[in-house]
Amino acid sequence: MPQQLRVLHVASEAVPFVKTGGLADVVAALPKALPKHKVEARIVIPGYSAALRKAEELGGLEWLPGDLTIEAGGVDHRIGVGAITVEGVTYYLLACNELFAREGLYGPAASVDYDDNARRFAVFSKAALALPHYVGWIPHVVHAHDWQAGLIPVLLQRGFQHDLPATRSVFTIHNIAYQGAFWHWDLRLTGLDWSLYNPLQLEQHERLNCLKAGIVFADRVTTVSKRYAEEIQTAEFGYGLDGAIREHQYKLTGITNGIDVDEWDPGKDPHLPANYTAAKLAGKQTCKQALRKELNLTTEGNPALVGVVSRLVWQKGIDLLIEAVSPYILAGRMQLAVLGTGDPDLEHRLRQLQGKHPGYVCFWHGYNEGLAHRIEAGSDIFAMPSRFEPCGLNQMYSLRYGTLPIVRHTGGLADTVSDVVSGAGNGFTFGPMDLGHFSSVLDRALGLYAEFPAEWTKAVKRAMKGDNSWNHVAAEYADLYRKISMI
Ligand code: ADP
Ligand code: GLC
């Protein structure tokens, strides 16, 4: 009988408290799925203003007695530790007025960073490592996510907490494009020795690089799909860190994320006007008609409805979509519903597209959980032409909702979507990132939808029957934890 393991997840966001992207979903869902595999996981995140408000809504935090004081570059920060249990998982929120009592997570707006982020996340990382003794729960493994927790492995190994001698580290890269690169003097905030500041360890192009710190010092590195684990070893996808990844490839594993199949279940989703299953698909049409009404899209004819729910950033290839769709809309073959927020230029271009095609394009600017569910359910096709995609969750939500995804063959998209041309696929894929290839896959998808409804329905059912749940994914993580832990 395997022994129960304890794992502390350290991340900068987690649902239900704060979320800017898929990281928050993954950080919450994995710990929920681990107990089945004899792993007790807890989560620690910063106590941002929005997170503290959410905790109030959920019944309030239990504030632990005393303060945790963390020093960084000669300044002491007093950290309040609040605990709360949600769906059986214990979360710790680390409150600190001068660092986290702000509205943004990483900056005042989506594309602007706070200028003290090095301090904010260095203090957060140190506090997360001081937490186990403070609360009397010593983990076998600390599982750190993305650059905001990238200093954890090096702090653990080189100095900050000498009193966690048997704790091992796993570091997960959710997106290698975000690295947390700072002025070299910020190393003072960590208390680490200057001898570590060299190109083989913490330095990258004369800056302190938090993601690299995680890669170099963790006992194991994972990333969120098998394909992305290969891709980040190349110059095209490695964002300058491909050398470091190749160097540490021996300890790298790709584990493709799962999705929360309770939260995303068309059979019982409370956000939808009608529920449906692969065996009883009628409700999906009701969802489509209701969505068109909700978004002021014309309900005449039956053009395919193409949905997008996305951060609006270069990574996601929305520019290509904007460039490609007009001829298909003018031909009455498709409508487009986009939900998202991000880059002001992309937002402007989406508004223009909406203005050009009234009744055929709706751009809903902002963040809207319920609408995200209704777009997944009410669309026929989901578009994700990402330039790169470490994993991607929306294509998996789409599959479960019988909404066939069009994706670029990259990262987690390639691991989860296969083209219907094979006769057994669940979506549409394209390779080179250019207008010609994207237009031709869109044309092919719209053609199948309009002319071969029986084939379409078969593909929809295949998509819905796939299994992307967390269960087997959590088993892979549990194995990894067990391999490196000292029991
Ligand atoms: P990334 O983490 O790169 O943004 P993912 O596909 O992994 O991409 O995860 C995105 C998550 O954020 C999904 O759960 C998606 O539904 C959600 N999301 C993104 N933008 C919005 C939005 N504007 N409104 C609601 N949910 C959104
Ligand atoms: C990142 C990636 C996305 C992935 C998510 C969760 O935000 O961009 O592809 O799904 O992390 O791992």
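The values are calculated or read from the model by the stated rules, or taken from the named source; none is laboratory data. Predicted model only: the values in this text are computed from it and were never measured. Here Cβ is always computed from backbone atoms with ideal geometry, including for glycine, and neighbour counts include all displayed protein chains. Just the protein is used for accessible areas: all its heavy atoms, side chains included, with ligands, DNA and RNA removed. Shrake-Rupley method; radii C 1.70, N 1.55, O 1.52, S 1.80 Å.
Within the set of pairs 6 or more residues apart or between chains, which connect a residue that is free of Cβ contacts under 8 Å to residues at least 24 places away in the same chain inside the range 9-36 to a residue that is part of a strand (DSSP E or B) with Cβ atoms less than 6 Å apart?
24/14
Restricting to the range 30-40, and then to whatever is open to solvent by 10 Å² or more (accessible area, probe 1.4 Å) and under 17 Å from residue 84 (Cα atoms), can you tell me which residue is farthest from ligand 2 (Cβ to nearest atom)?
Going through the qualifying residues, I end up with 40.
Return the only residue of 305, 272 being outside any loop (DSSP other than H, G, I, E, B) and touching a residue at least 12 places away in the same chain (Cβ under 8 Å).
After ruling out the rest, the residue left standing is 305.
If residue 247 meets every condition in (1) within 30 Å of residue 221 (Cβ to Cβ); (2) surrounded by fewer than 17 Cβ atoms within 10 Å (Cβ to Cβ); (3) within 16 Å of ligand 1 (Cβ to nearest atom); (4) of a type outside the set (Ser, Thr, Tyr) apart from one, which number is that one?
Looking at each condition in turn, residue 247 falls short on (3).
Within the range 357-384, which residues are within 27 Å of residue 455 (Cα to Cα) and either within 11 Å of ligand 1 (Cβ to nearest atom) or touching an Asp or Glu at 6+ places or on another chain (Cβ under 9 Å) (or both)?
Listed by number, the residues that qualify are 372, 373, 374, 375, 376, 377, 378, 382, 384.
Does residue 221 fit the bill of being out of contact with any Cys (no Cβ under 7 Å at 6 or more places or on another chain) and either part of a loop (DSSP other than H, G, I, E, B) or more than 16 Å from ligand 2 (Cβ to nearest atom) (or both)?
No; evaluated as a whole, the condition is false for this residue.
Out of (1) more than 23 Å from the chain's Cα centre (by Cα); (2) within 16 Å of ligand 1 (Cβ to nearest atom), the odd one out for residue 340 is which?
Every condition holds for residue 340 apart from (1).
Return the pair list, or none, for Cβ contacts closer than 8 Å from residues in the range 157-176 that are within 16 Å of ligand 2 (Cβ to nearest atom) to residues that are open to solvent by 10 Å² or more (accessible area, probe 1.4 Å) and of a type in the set (Lys, Arg), at least 6 apart or on different chains.
Pairs that qualify, where the first residue is within 16 Å of ligand 2 (Cβ to nearest atom) and the partner is open to solvent by 10 Å² or more (accessible area, probe 1.4 Å) and of a type in the set (Lys, Arg), are 170/220; 171/220.
Among strands (runs of 3 or more DSSP E) lying entirely in the range 62-177, which contain 3 or more residues that are of a type in the set (Asp, Glu) and open to solvent by 10 Å² or more (accessible area, probe 1.4 Å)?
The strands (runs of 3 or more DSSP E) meeting that bar number zero.
The rows are residues; the columns are (1) away from ligand 1 (no atom under 16 Å from the Cβ); (2) surrounded by fewer than 18 Cβ atoms within 10 Å (Cβ to Cβ).
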{"position": "4", "(1), (2)": "yes, yes"}
{"position": "9", "(1), (2)": "yes, no"}
{"position": "15", "(1), (2)": "no, no"}
{"position": "46", "(1), (2)": "yes, no"}
{"position": "51", "(1), (2)": "yes, no"}
{"position": "57", "(1), (2)": "yes, yes"}
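For the range 215-224, indicate whether the set of residues that are buried (at least 23 other Cβ atoms within 10 Å of the Cβ), within 16 Å of ligand 1 (Cβ to nearest atom) and in contact (Cβ under 8 Å) with a residue 12 or more places away in the chain is non-empty.
Yes; the residues of the range 215-224 include at least one that is buried (at least 23 other Cβ atoms within 10 Å of the Cβ), within 16 Å of ligand 1 (Cβ to nearest atom) and in contact (Cβ under 8 Å) with a residue 12 or more places away in the chain.
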